[in-house]
Structures are given as structure tokens and as C-alpha cells.
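The values are calculated or read from the model by the stated rules, or taken from the named source; none is laboratory data. It should be emphasised that the depicted structure is a prediction, and the values quoted were computed from it without experimental measurement. Don't worry about glycine lacking a Cβ; one is built from the backbone with ideal geometry, like all the others, and counts go over all protein chains shown.
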Amino acid sequence: MQKITVKPGAKLVDYKAYGSLYSSVLDFTDQSKEPIESLKGRTIWMINSTAIGGGVAEMLPSQMRILRELGVSIEWLVIEAKKDAFFDLTKRIHNAIHGSGNGIFTEEDRKIYEEVNQNNLSKALELINDGDIVVVHDPQPMPLAAMIKKKKNVSIIWRCHIGLEDDTDVTDAVWKFLEPYTNDYDHFVFSLPSYVPNPLKNRTSIIPPAIDPLSHKNRELQLHKCIGILYQSGILDDHKAILYHRYKHLVRRVMPDGSFDVLDAGKNLDLIYRPIVTEISRWDRLKGFKELMEAFIKMKVDNRKNGDPKSLEYKRIEMTLLVLGGPDPAFVSDDPEGKEVLKELTETYKTVDKDMQNDIAILLLPLDNPKENALIVNALQRSSSIIVQNSIQEGFGLTATEAMWKRKPVLVSNAAGLKYQVVDNKTGKINQDPTDIENLSKTLAYMLNHPKERDKWGFNGQLRVIQNFTLFSQLLSWLGTLSTNKA
Ligand code: UDP
């Protein structure tokens, strides 16, 4: 068991200085007073299984910094587990909660699960006191809090970051396997109402995942910084020159007076530079990259065949660039599927003509360097006209929230999480079937050719994120849950 130190970072005043967040910080400071007061004298213990990588490790430090600034005592513990068999099992539990796998869990599995958690118990008992609140993230440390509760008067909450909308035999089996522990928990937190399994329904709060608006991935980047990051990172390869030209041109046009406001460039802005359509995800078949590439190719081919070369619409589609970004497999050694998916995409790419190839960029991002990766994702999202998340399945697509925060219109599939995040025709478009190439290509063309709607959807999207999916809305929900579930 390891106690993780959280480095200093952004403070409330930094968020407040950020125009669009000003009022949510004020609301948060005001509304958090009462629950924080009621938590005085208790420590909140966050427990998970890794200090780096993954959403929990990404969000916890910013949450903890803000809560500590307001006087909450909150700590982060990571369990130690040296056994491969343990992580194989917890991965199977994870997959089963998603509905995949055979749903078979044996007594031997239970032995491994409990043994690793038991090995972390004595250290936990040294640190945790009566009256504290223990929040366990995801399945790995689930038995641990149940063991702590047998020895101390604490309340225990399980935060599940995954889920499946419909119950299946496999999900039923995994919830049955977890029942000896869930029975001991006081409360549960899921990301969406539809993910909550029946037996836990009356002991659950819903808290959707959120983003930190001041993280490297989300903080404001002025246009010249975006250019610098994309250009210097060299990831744009053949497209580098086009993009550089695009920005040089834009810079000359837009910034004679030192202003970087892209939207001031005039109504034909899309013709000044190349519109970019971007999807950034892990190379996973369920992310719908291949379908998106096919739809993009179809849109271009149809445009060449049926469009009027003199029209603005024709030129706009002709100039559009597709960017597909994901982790460089060289740094993701444990993901053979990623390599295969990338190979399939490259093969489709090779079948199209040179002109079309010039309009498609497959980018490999440096996931081994989290800060550089975050800044590149940030710059790519900010340089795009439309962000797509064409997932065939999606628990909750952080990429869509990140894009909306950056005022980008999004085109998403109707996967469970995405249709909850995006409001159709208000913050973007929800496409009913991510595998329907024809429809996807039409929606893309429609969005490209309606720049005013795109601006409006981007604007609405940012508001939606501020109201529902930032650190502050999330912390308020957490404070509510913690203060009503004290031992
Ligand atoms: N991401 C990244 N680099 C990549 C691919 C993805 O930083 O090469 C980030 C992306 O910005 C988002 C997260 O990984 O923050 C993916 O979260 P999401 O909920 O969209 O999908 P998941 O990977 O959890 O299925």
C-alpha cells in the first residue's frame, strides 16, 4: 500500500481568473461550504490500483488539490499487487462488467482476489481512523474496503468507472461474484443511471466523469502555441507544410494587430484554411475509426462526382483534412489489438489515390510522455473544425467532453455515454449508427457546410461542459455524496 503525494498545481484563483469558469467557481465555493463543514474531523481515503495512467490517476490530483485548499482532509492510497494472476482476474472482472468474457469466476479466483487485498489491509488499518470515509475506485481494491469496515467504524463507497446499459448473463455472473463485498458497501457511484445493476439501485449516486479545464490537455492554447506544438512535434509529417501554410496564412490575415481570434477572420474562413475533422482515441475497433475513414472518403468521392466545383460547399469539402490520432503502439506494449487496428486502417488508406491520401493523416501520439501527449491532443482538438467520436460502444467518451470544452462541435455515435454527453442539434450531431457509412458521410458534409451552426454548437457545448462535466460540478456531486454517507 502506497500513499501518493500530490504535487502543487492550479488553485481556485487560477480557475476563477479564467473568464468562462468564473461563475462556476463562485457557485462551487458557495455551495461547497455546508458539505465541507459537515466533513470536518474526517479524512477521505481514495483507493485505487495505479498512480499513473488512466482516468482516475489523471483526475484525482486536481480534485484533491481543490478540496485540500478548502480544508478537506483527503488522501490517496494505491494498493500493491505483485501477482500477474491478480491483474488477469481484475481485467476479467472489468471485461465482465462490460458484458464480455465467459462470466466464469471460481473459488480459486476469489482466493487470489482476497489474498492481494488482505496483504494491503494492515497498512490501511494503520492509516485509517474511525469516522473516516473510504472511496474505492474500480474492482481491484473492492474487497479491501469491506475488510477495513469489519475492523473500523468507517463508511465505504465504491466508485465504478465502467458499465453496460443492459444486464446480460455475464454481467449477472460478475455482480454475483462481487456480492460478498458489495453487500458491505454503504454506497455506490456510477457514471450513468443505466449502468447501475438492479441490486445496487437504491444505494447509488450518479456522477459523470469530468475534465480539469486547466490541465495540459484542456487549458487555453493560443493559436501560435497550437502551431508551434503541432509543427515542432513533427507528427504532421507530409501534412506539416499544408498546416504550416494554413497557419502562416491565417496568422498574416488574422493577427496584424496582434489578435489571435480565429473567428474574426471573416465568413469565408473555411476557405482561408483547411477544415480539419479529427478523432483521437485508442486504436480499438470499438472506436469506429475505420468507418469514419470510409465515410470521409465517400464524402470526398461523392463531392467530386456530384458537386459544383465553383461552389463554396464543393471547395470546402475538397479542402477538408481528416486526422485520426491515437497512441504510438511502440509505447503500448500490452495492446496487440491496437497494432492490428492500426494495420487495418493503414491498409484502407493505401487503397485510395494519392490526392485522397494527402487528405488523411494518421498520427501516432507520444503516450510515453504524458505532458507532450496532452499538449498535442489539446492543439489538435483546438485546430479542428469538427471532433468526431464514432464509437460503436462507449462508456463515457472523455474526448467528446474535451472537444466541447474547447467550443468544438462534435459528431458522435449514439453509444450510451455519448448520447448523454451530447445534445443532438444543440452541441453537435448524434449519428444513430456508427457503421452506417452513407449517413455518417452525409452528416459530416452537413456539418462542414454549416459553419454558423458549428459555431453555435461549439458555444453551447462549452456551456454544457461548464454546467455538467467540469471538476467543479463533479466535486459538488462528490461532496453531496460524501456528506450524506458518513459513518
Ligand atoms: N488520449 C490521449 N492520447 C491518445 C489517445 C487518447 O491522450 O493517443 C486520451 C483522450 O484525450 C482522452 C482519453 O485518452 O482523454 C480517452 O478517454 P475516453 O473516455 O475517450 O476513452 P477510453 O480510452 O477511456 O475508452
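All conditions but one from (1) touching a helix residue (DSSP H, G or I) at 6+ places or on another chain (Cβ under 6 Å); (2) free of Cβ contacts under 8 Å to residues at least 40 places away in the same chain apply to VAL134; the one that does not is (2).
Taking the listed residues LYS339, LYS371, the one that is more than 12 Å from the ligand (Cβ to nearest atom) and in a helix (DSSP H, G or I) is LYS339, with no other qualifying.
Among the residues here, GLU115 does not qualify as assigned to a loop (DSSP other than H, G, I, E, B), out of contact with any Lys or Arg (no Cβ under 7 Å at 6 or more places or on another chain) and surrounded by fewer than 20 Cβ atoms within 10 Å (Cβ to Cβ). If you go through the range 121-144 one residue at a time, do you hit one that is among the acidic types (Asp, Glu), within 16 Å of the ligand (Cβ to nearest atom) and in a loop (DSSP other than H, G, I, E, B)? For the range 121-144, residues among the acidic types (Asp, Glu), within 16 Å of the ligand (Cβ to nearest atom) and in a loop (DSSP other than H, G, I, E, B): present. Checked against the criteria, GLU126 counts as out of contact with any strand residue (DSSP E or B) (no Cβ under 8 Å at 6 or more places or on another chain), surrounded by fewer than 20 Cβ atoms within 10 Å (Cβ to Cβ) and under 23 Å from THR50 (Cα atoms). Of the candidates THR320, THR346, THR351, the single residue that is β-branched (Val, Ile, Thr) and closer than 30 Å to LYS456 by Cβ is THR320. One residue is enough: does the range 297-305 have a residue meeting the conditions of a type outside the set (A, V, I, L, M), assigned to a helix (DSSP H, G or I), farther than 24 Å from SER384 by Cα and without any contact (Cβ under 8 Å) to a residue 12 or more places away in the chain? Checked the range 297-305: at least one residue is of a type outside the set (A, V, I, L, M), assigned to a helix (DSSP H, G or I), farther than 24 Å from SER384 by Cα and without any contact (Cβ under 8 Å) to a residue 12 or more places away in the chain.
Of the residues LYS442, LYS419, the single one that is in a helix (DSSP H, G or I), within 16 Å of the ligand (Cβ to nearest atom) and either touching a residue at least 24 places away in the same chain (Cβ under 8 Å) or surrounded by fewer than 19 Cβ atoms within 10 Å (Cβ to Cβ) (or both) is LYS419.
Would you check which residues across the range 380-404 are assigned to a helix (DSSP H, G or I) and either more than 12 Å from the ligand (Cβ to nearest atom) or surrounded by 22 or more Cβ atoms within 10 Å (Cβ to Cβ) (or both) and list them? Steps first, please.
Initially, the range 380-404 is screened for residues assigned to a helix (DSSP H, G or I), giving 380-383, 398-404.
Residues satisfying the conditions are LEU380, GLN381, ARG382, SER383, THR399, ALA400, THR401, GLU402, ALA403, MET404.
Here the condition is being more than 21 Å from PRO197 (Cβ to Cβ), of a type outside the set (A, V, I, L, M) and in contact (Cβ under 8 Å) with a residue 12 or more places away in the chain; of ASN102, ASN120, it holds for ASN120 alone. Give just the number: which of (1) under 24 Å from the mean Cα position of the chain (by Cα); (2) surrounded by fewer than 20 Cβ atoms within 10 Å (Cβ to Cβ); (3) modelled with pLDDT of 95 or more; (4) of a type in the set (A, V, I, L, M, F, W, C) does ALA51 not satisfy? Of (1) under 24 Å from the mean Cα position of the chain (by Cα); (2) surrounded by fewer than 20 Cβ atoms within 10 Å (Cβ to Cβ); (3) modelled with pLDDT of 95 or more; (4) of a type in the set (A, V, I, L, M, F, W, C), only one is false for ALA51: (3).
A Cβ distance below 6 Å, combined with a sequence gap of six or more or placement on separate chains, defines the contacts here; from the range 372-401, residues that are closer than 19 Å to LEU164 by Cα and in contact (Cβ under 8 Å) with a residue 12 or more places away in the chain reach residues that are of a type in the set (Ser, Thr, Tyr) and near the ligand (Cβ under 8 Å from one of its atoms) in the pairs GLN389/THR399.
Per-residue answers, yes or no, for (1) surrounded by 14 or more Cβ atoms within 10 Å (Cβ to Cβ); (2) assigned to a helix (DSSP H, G or I):
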site	(1), (2)
ARG316	yes, yes
LEU324	yes, no
ALA330	no, yes
LEU345	yes, yes
TYR349	yes, yes
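Taking the range 1-33 as the range and being without any contact (Cβ under 8 Å) to a residue 12 or more places away in the chain and either among the aromatic types (Phe, Trp, Tyr) or within 30 Å of ASN153 (Cβ to Cβ) (or both) as the test, the residues that pass are THR5, TYR22, LYS33.
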